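Chemist: Here it is, the structure, as structure tokens.
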Amino acid sequence: MVTKLSEKQKKEAKKQFENTIKEINQGDVIEASKDGLIKIKELESKIPKLLKDTWEDIKMMIYMITDYIKGDYKKVNWKTIATIAGAIIYFLAPLDLIPDFIPIVGYLDDLTVIKIALNMVKKDFDEYKEWKSDNL
């Protein structure tokens with residue numbers, strides 16, 4: 001059973017993700033927010049095992065772009081929003097490097113992209129999480 005991506009697969013997932021970020025526009029962020037909130041509801045009661053450790057961060061990423069779109073959180077630059085939206089778009093795409101419907105391994109590439117995105121925007125993401133906890 002495969003439980004991690006090969007280096008070649010990681011590079012391909014990263015490449016696809018980086019290409020997505022370059023093309024992100026305001027409409028994409030709105031769609032990622034809307035579709036992300038739907039995905040949270042779908043998966044909340046049956047979080048895929050592979051995503052359990054990252055689930056709260058995935059939700060917080062979706063909340064961040066949602067709060068940005070609503071105008072509730074603006075202390076962030078466009079590059080951060082595009083990076084997070086790109087990761088969410090990749091996560092939401094059922095047919096990416098490894099299709100999500102493949103048991104056990106379907107979310108491996110999604111998890112890789114989520115981790116890459118979080119590393120890219122760590123400071124802004126941590127600031128948002130602090131803001132969010134103060135504004136609940």
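The values are calculated or read from the model by the stated rules, or taken from the named source; none is laboratory data. Everything numeric in this text was worked out from a predicted model, so none of it was measured. Here the Cβ positions follow ideal geometry from the backbone for every residue, glycine too, while neighbour counts run over all protein chains shown.
Chemist: Can you name the condition, by its number, that Tyr63 falls short on among (1) at pLDDT below 95; (2) in contact with a helix residue (DSSP H, G or I) (Cβ under 8 Å, 6 or more places away or on another chain)?
Modeler: (1)
Chemist: Another question about this same structure. Can you name the condition, by its number, that Gly36 falls short on among (1) out of contact with any Gly (no Cβ under 6 Å at 6 or more places or on another chain); (2) surrounded by 11 or more Cβ atoms within 10 Å (Cβ to Cβ); (3) at pLDDT below 90?
Modeler: Among (1) out of contact with any Gly (no Cβ under 6 Å at 6 or more places or on another chain); (2) surrounded by 11 or more Cβ atoms within 10 Å (Cβ to Cβ); (3) at pLDDT below 90, the lone unmet condition for Gly36 is (3).
Chemist: Moving to a separate point now. Say we look at region 91-115 and pick out the residues that are surrounded by fewer than 19 Cβ atoms within 10 Å (Cβ to Cβ) and within 13 Å of the chain's Cα centre (by Cα); which of these is modelled with the highest pLDDT?
Modeler: Lys115
Chemist: Moving on. Might you let me know whether region 1-11 holds any residue that is out of contact with any Leu (no Cβ under 7 Å at 6 or more places or on another chain), within 22 Å of Trp131 (Cβ to Cβ) and of a type outside the set (Phe, Trp, Tyr)?
Modeler: Checking region 1-11: not a single residue is out of contact with any Leu (no Cβ under 7 Å at 6 or more places or on another chain), within 22 Å of Trp131 (Cβ to Cβ) and of a type outside the set (Phe, Trp, Tyr).
Chemist: Being of a type in the set (Lys, Arg) and either under 16 Å from Val113 (Cβ atoms) or surrounded by 15 or more Cβ atoms within 10 Å (Cβ to Cβ) (or both) is the filter here, so list the residues in region 39-78 that pass it.
Modeler: The answer is Lys39, Lys59.
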